[in-house]
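Accompanying notes for the structure given below.
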Amino acid sequence: MPDVYLPAMWPLELQYSLQDWYRAWCLRRLYRQLSTLDDRQLAARDLTRPQLIAKTERPLRVMAAQQRLARQKRCAASAGR
């Protein structure tokens with residue numbers, strides 16, 4: 001047996017955490033792309049400029065935490081079926 005054992009798979013919590021951070025980063029990137037639209041185009045998407053600014057300025061760690069909570073709710077809902 002080697003001195004250091006490396007499992008074939010990363011811990012699930014680490015995988016879930018990375019997935020949450022990636023989704024949060026993608027969302028923030030989407031909000032920043034939407035910020036290039038004018039107010040009429042934003043209104044067609046049910047967004048206002050202040051809402052969009054608030055979403056783009058939110059820290060990534062807060063967005064990742066929200067993604068984690070949403071994932072946990074989805075998992076709890078699917079387990080309750």
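Among the residues of segment 10-21, those identified as surrounded by 12 or more Cβ atoms within 10 Å (Cβ to Cβ) and touching a helix residue (DSSP H, G or I) at 6+ places or on another chain (Cβ under 9 Å) are Y16, S17, Q19, D20, W21. Within segment 38-53, can one find any residue that is touching a helix residue (DSSP H, G or I) at 6+ places or on another chain (Cβ under 8 Å), charged (D, E, K, R), part of a helix (DSSP H, G or I) and surrounded by 15 or more Cβ atoms within 10 Å (Cβ to Cβ)? No, because not a single residue in segment 38-53 is touching a helix residue (DSSP H, G or I) at 6+ places or on another chain (Cβ under 8 Å), charged (D, E, K, R), part of a helix (DSSP H, G or I) and surrounded by 15 or more Cβ atoms within 10 Å (Cβ to Cβ). One residue stands out among those in segment 54-81 that are under 21 Å from the mean Cα position of the chain (by Cα) and not in a helix (DSSP H, G or I): the one that is surrounded by the fewest Cβ atoms within 10 Å (Cβ to Cβ), which is P59. Among residues of segment 49-60 that are within 12 Å of L27 (Cβ to Cβ), those with a beta-carbon under 6 Å from a residue that is surrounded by fewer than 13 Cβ atoms within 10 Å (Cβ to Cβ) and of a type in the set (D, E, K, R) at least six positions away or on a different chain give the pairs T56/R32.
Residues being touching a residue at least 12 places away in the same chain (Cβ under 8 Å) and assigned to a helix (DSSP H, G or I): count how many of those fall in segment 27-37.
Selection size over segment 27-37: 5.
Each reported figure results from applying straightforward, stated rules to the coordinates on display, with no laboratory input. Owing to the predicted nature of the structure, the values given are computational and were not obtained by experimental measurement. Cβ sites come from the backbone with ideal geometry, for glycine too, and all protein chains shown count toward neighbours.
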